[in-house]
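The structure appears right after this line, and notes come after that.
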Amino acid sequence: MKKGKYYITTAIAYTSGTPHIGNSYEIVLADSIARFKRKDGYDVFFQTGTDEHGQKIELKAQETGVTPKAYVDKVAGEIQRICDSLDTSYDKFIRTTDDFHEKQVQKIFKKLYEQGDIYKGSYEGLYCTPCESFWTESQLVDGKCPDCGREVKPAKEEAYFFKMSKYADKLIAHINEHPEFIQPVSRKNEMMNNFLLPGLQDLCVSRTSFTWGVPVDFDNRHVVYVWLDALTNYITGIGYDAEGKSGDQYKKLWPADLHLIGKDIIRFHTIYWPIFLMALGEPLPKQVFGHPWLLQGDGKMSKSKGNVIYADDLIHFFGVDAVRYFVLHEMPFENDGVITWDLMVERMNSDLANTLGNLVNRTISMSNKYFGGVVENKNTGVDAGAEDVDADLAGVLTDTYSRVAKKMDELRVADAITEIFALFKRSNKYIDETMPWALAKDESKKDRLATVLYHLSNAIMVGASLLEPYMPETAKRISEQMNAPLIDFSVLEKCAADHDTAAASALYPSGTQVTQMPEILFARQDLAEVMEKVEAMFAGRKQAAGAAEDAESADQAGEADGNTGMDEKFVELAPKAEITYDDFDKCQFQVGLVLSCEEIPKSKKLLKFEIQVGGSTRQILSGIKQYYKPEELIGKRVMVLVNLKPREIAGQMSEGMILSAADEDGNLAVMTPERFMPAGAEIC
RNA sequence: GGCGAGAUAGCUCAGCUGGCUAGAGCAUACGGUUCAUACCCGUAGUGUCGAGGGUUCAAGUCCCCCUCUCGCUACCA
C-alpha cells in the first residue's frame, strides 16, 4: 500500500574540512525520517551530498599543494564515509562538482539571465569589501553598504545580480498562505520582519575573484557564486533540466517534501531558494525545517583545545545505534541540544542498557529457563483468560504506532522515540505485575506463564519494529535474537486504526524458538572509565593540534563552530584595489594609551574608550566587547587611526578607530606595539 | 536600538482556545522484588508556575508594566 512519494534532503556539507558530531547530526535526523517514511509506505528519495566550490576551498587546496579537485575528492570521500558509518540510508550523494550538476547550473544561470532575472550589475564605486558584495546606487543606505553599513568603494570587478525584489510579494503571500512552510514557526517571523518586509536586496550571484566554481558559460570571467550553485543541487540531483527536458524522476519527486537544514541557513532556503524556483517556474518545496544545533556542553569545541567530538569518536565508544539514539533523543524541536560525555553515558545506561537491553535479555532468559526457548501463546482467543494487565499492555501496544506516527508528522523525532520507550517501560512493568518467577513455581500456572512470556516477546517485537528507523542495527539484533522478522508498519497501522488489541497482541509467531544465548545489546558503561579514555584521547589531539601551524589551527577553529558549509560565516577577503603611497600617507596611525574603558550598557558589542594620543585624549568606541573585558584593556597601548572623521554611534561620539585583527570567525585581537612605545608615537 | 521567543519541581521540559487538589522524564530518598546487564516495579516529595498590577465567579493559561535569558537583525569609523 503506497502512500505516494516523499523527497527529503539535507543541506550539502561544505568540503573545507572534516565535520564534527554537531554537523553529522543533521544526516541522522534526516535518515530517521526517511527510514520512517519508507517503512510507513512512502516511496522515499533521500538526498544528501557536498558543496565543493568557492574561494575557501581554492585557498585550502593551494596551502595543501594539491588541485582543488583533488582536495574536494578527498574531503567528500571522508564526508561520505562518515555518513555511511552512521548507517544512513541516503539514495543519492550529490557533489556540486558532478558534471550533470555543473551543466545544469550553467543552463539555469543562462535561463535566468535571458529572461531578465539576472542582470549585470552597475558597479561604479559600489563594492563592499568585507561583505564581498556589489550594490546598486538605489540599494545603498545613507551611501553605505546596506548589509554592513560600511563604506562601499569603487571596484573594477563586474558581477551579476539576481532581482530578488521582483518576487518578494509573491513569496510573502506564499509564506502567509502556507504556515507550515517554515519550521519551526518562530523562524518565520524572523524572515518576515528582518528581510521580507523591509524589502529584499538583489543578490550577487557571480564572482570574478576566484576561479574554483562553475563558470558562467557566456561570460567565463565569472563563476557562479555559492547560492545559485549550492541550492540548485536539490533539483539537479533528481534530473531537473533548465531547458524543459527534466527527467521522469524529477517529475515524480519535485517539489521536495522536506528540506532539512541547520537554523543558520534558513534565510537562504526560505527566501533565495523559493525565489530562484519561482523564477524558474517550478513549484516550491513543501516544507523547510531549520533544526537547532547540537552543542558541546563543556566548553566550545575547538581543534586547538583538542576537544572536538567527532562521530567516529562516539561510535568508537558507544556504537552506532547508541550515537543515533543520543543525538535524536537529546535534540529538542526548537532549542539547541547539548552533548556531553556525561549525558551520553547517562542515556546509554539508563535508556539503552537498563530499560531496553535488560528487558530483552531478561525476557529471553526466562523463555529459555522455563520453556527451553520456545515462546508459545497458550490463549487461543486473544482475551480468553487475559487479565487486566494483559489488556493494559495490549492497549499500549496497539496505540504506540499511531502515537509515533503523529509525532513524526510534526517532525518531533525525539518525542517519537520517547513513545517507543514508553512501550518498553510498560513491558518491564508487566513483568513485575505478572511475576513469572512466581508462576514458574506452580505447575498449574504453566500456561499462564507461557502466555505472559509470549505477550512480552510480542511487545518487544512491536517495539523493535517501531525502533528500526532510528536504530536499525538494534532492531535487527533484537529480531535475530527473537528469531522473528520485524513487523511491517502497515500491520501495526491497521491494528492501531481498528484499535484491534487482539491482532496487535498476536503478531509474534507463536511457537518460535528464541536464541539460547541472549547477547547483551548495550553494555553499561562506567562514567569514570569513559572519561579517563576520553581525556587520554583529547590530550593526544591537543598535542597534535599544538604542533600544527598557527595558520592551520586558526583555520580549523572555524570548522569547529558548527558551520554546515552552505553558509558564509567565514570571511574571504577579496584583494582591494592597489593604492599609492600618497593614499597610504593620508592615514594617520598613532599609538594610543587606554586611560579608561567601559561597557556601553545597551550595546552588545561596543566598548567606550578614553584614549591618550600625544598630549590630548579622545573618546573612541569599538566593537570588541565580546572579546575583551574593559579592565584588561586599561593601560594597554593600541593602534589608533586618528584622523578618521568622527562619527556618532549608539548616541556617543567616536573620534577615531582602534585597529584589531580579525580571524575567519570574526574573533578580534587588538594590535599593540611589540615593545614599549609612548602614547602618540607615529605608526608608519 | 528593532522584531520575535521564553522565564513552571535539583536538572531537562509538557501544560491547546482560562475551570476541579499543577504534570512527565532524569537525579534524590524510602519500600518491594529477584527472571535479568546490582536490573526492574512502587511510593514520596519539595514547586510563592520570574516580580508587580489588572480583567474574571475562576489565570502558569488573557491584558499592562518590570527584571532576566535566548534567537534573528542593526550597531563594530
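Once the other residues with Cβ under 11 Å from the Cβ of A:PHE317 are scored (Lys, Arg +1; Asp, Glu -1), what is the net sum?
Every neighbour counted, the sum reads -2.
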**Complete:** Phi-derived 3J(HN,Hα) across region A:289-294 with the Karplus relation (6.51, -1.76, 1.60, θ = phi - 60°), rounded Hz, x for Gly and Pro, is 10, x, 6, x, 9, 9
**Asked** In terms of modelled amide H atoms, which long-range or inter-chain residues lie less than 5 Å from the amide H of A:ILE683?
**Response** A:PHE589, A:GLN590, A:VAL591
**Calculated FRET value between A:GLU599 and A:THR340, using beta carbons and R₀ = 30 Å, to 0.05** = 0.45
**Prompt:** What is the ratio of the Cα radius of gyration of region A:486-540 to 2.2 N^0.38 Å, where N is its residue count, to two decimals?
**Reply:** 2.12
**Item:** Cα-based convex hull, region A:159-232, per residue volume (Å³, whole number)
**Value:** 116
**Fill in**
Protection proxy (average C-beta count within 10 Å per residue), highest first, orders A:356-365, A:311-320, A:638-647 as A:356-365, A:311-320, A:638-647
**Message:** Students sometimes get this wrong: rank A:CYS83, A:CYS684 by accessible area, probe 1.4 Å, all chains present, largest first.
**Reply:** A:CYS684, A:CYS83
**Request:** Starting from the Cα of A:ASP241, step 7 Å toward the Cβ, then list every residue of region A:95-117 with an amide N under 19 Å from that point.
**Result:** A:98-112
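If the viscosity is 1.567 mPa s and the temperature 4 °C, what Stokes-Einstein diffusion coefficient in µm²/s follows for region A:437-508 when Rh is the Kirkwood radius over Cα pairs? Let's see the in-between values first.
Details: Rh = 13.2 Å.
Estimated via Stokes-Einstein, D reaches 98 µm²/s.
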**Message:** Taking every alpha carbon pair in region A:39-124, what does the distance histogram look like in 10 angstrom bins from 0, in percent?
**Reply:** 14, 30, 30, 20, 6, 0
**Message:** If you count only protein heavy atoms with a 1.4 Å probe, what accessible area per residue comes out for region A:1-119, rounded to a whole Å²?
**Reply:** 35
**Positive-pole candidate from A:ILE94, A:ILE57, A:TYR42, dipole of region A:30-114, charges at beta carbon** = A:TYR42
**Request:** State the extension gain, in nm to one decimal, for the chain segment bounded by A:LYS629 and A:GLN513, taking 0.36 nm per residue of separation less the distance between their alpha-carbons.
**Result:** 34.9 nm
**Message:** Quick check on packing: order A:219-230, A:527-538 by the mean number of other C-beta atoms within 10 Å, highest mean leading.
**Reply:** A:219-230, A:527-538
**Request:** Mind checking the per residue accessible area of region A:450-552 for me, 1.4 Å probe, whole number of Å²?
**Result:** 47
**Asked** Quick one: which of A:LYS188/A:LYS476; A:LYS56/A:LYS542; A:LYS166/A:LYS286; A:LYS60/A:LYS245 span more than 31 angstrom between C-alpha atoms?
**Response** A:LYS188/A:LYS476; A:LYS60/A:LYS245
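Taking R0 as 41 Å, what's the FRET efficiency between A:GLU682 and A:GLU158 from their Cβ-Cβ distance, rounded to 0.05?
Computed FRET efficiency for A:GLU682 and A:GLU158: 0.55.
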**Message:** For a bin width of 10 Å, list the pair-distance distribution of region A:29-86 built from all Cα-Cα distances, rounded to whole %.
**Reply:** 21, 35, 24, 16, 5
**Request:** Could you calculate the contour length gain from A:ASP585 to A:THR64, that is, 0.36 nm times the residue separation minus the distance between their Cα atoms, to one decimal place in nm?
**Result:** 183.9 nm
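Of A:LYS69/A:LYS107; A:LYS37/A:LYS429; A:LYS425/A:LYS494; A:LYS3/A:LYS39; A:LYS163/A:LYS252, which ones are farther than 19 Å apart at the Cα?
Pairs exceeding 19 Å: A:LYS69/A:LYS107; A:LYS37/A:LYS429; A:LYS425/A:LYS494; A:LYS163/A:LYS252.
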**Distant-in-sequence amide H partners of A:MET164 (H built 1.01 Å from N, under 5 Å)** = A:ASP202, A:LEU203
**Prompt:** Once phi is turned into θ = phi - 60°, what whole-Hz ³J(HN,Hα) does the Karplus curve with 6.51, -1.76 and 1.60 give for every residue of region A:70-86, x standing for Gly and Pro?
**Reply:** 4, 4, 5, 4, 5, 5, 4, x, 5, 5, 5, 4, 5, 4, 5, 5, 8
**Request:** State the percent of C-alpha pairs, over all pairs in region A:314-366, separated by a distance greater than 14 angstrom.
**Result:** 56
**Asked** What is the Å³ per residue value for the convex hull set by the Cα atoms of region A:353-496?
**Response** 104
**Message:** Can you bin every Cα-Cα distance in region A:189-250 into 5 Å intervals starting at zero and give me the percent of pairs per bin, rounded to whole numbers?
**Reply:** 4, 15, 15, 16, 18, 15, 14, 4
**Request:** Would you mind checking which residues have amide H under 5 Å from A:VAL338's amide H? H placed 1.01 Å from N; only 5 or more apart, or other chain.
**Result:** A:LEU295
**Complete:** If N is the residue count of region A:1-43, its Cα Rg over 2.2 N^0.38 Å rounds to 1.44
**Prompt:** What part of the accessible area of region A:1-119, given as a whole %, is carbon or sulfur when the probe is 1.4 angstrom?
**Reply:** 50
**Request:** Run the 1.4 Å probe and let me know the accessible area of A:TYR325, rounded to the nearest 10 Å².
**Result:** 10
**Message:** Between A:ASP84 and A:GLU410, what is the label-point separation in nm under the 7 Å Cα-to-beta-carbon projection?
**Reply:** 3.8
**Prompt:** When the chain is fully extended, how far beyond the present Cα-Cα distance does A:SER165 get from A:LYS92, taking 0.36 nm per residue of separation?
**Reply:** 22.9 nm
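The values are calculated or read from the model by the stated rules, or taken from the named source; none is laboratory data. Here the structure is a predicted model, which means the values were calculated and not measured. In this analysis, Cβ positions are derived from the backbone assuming ideal geometry, glycine residues included, and neighbour counts consider all displayed protein chains. These accessible areas exclude ligands, DNA and RNA; they are computed on the full protein's heavy atoms, side chains included. Shrake-Rupley method; radii C 1.70, N 1.55, O 1.52, S 1.80 Å.
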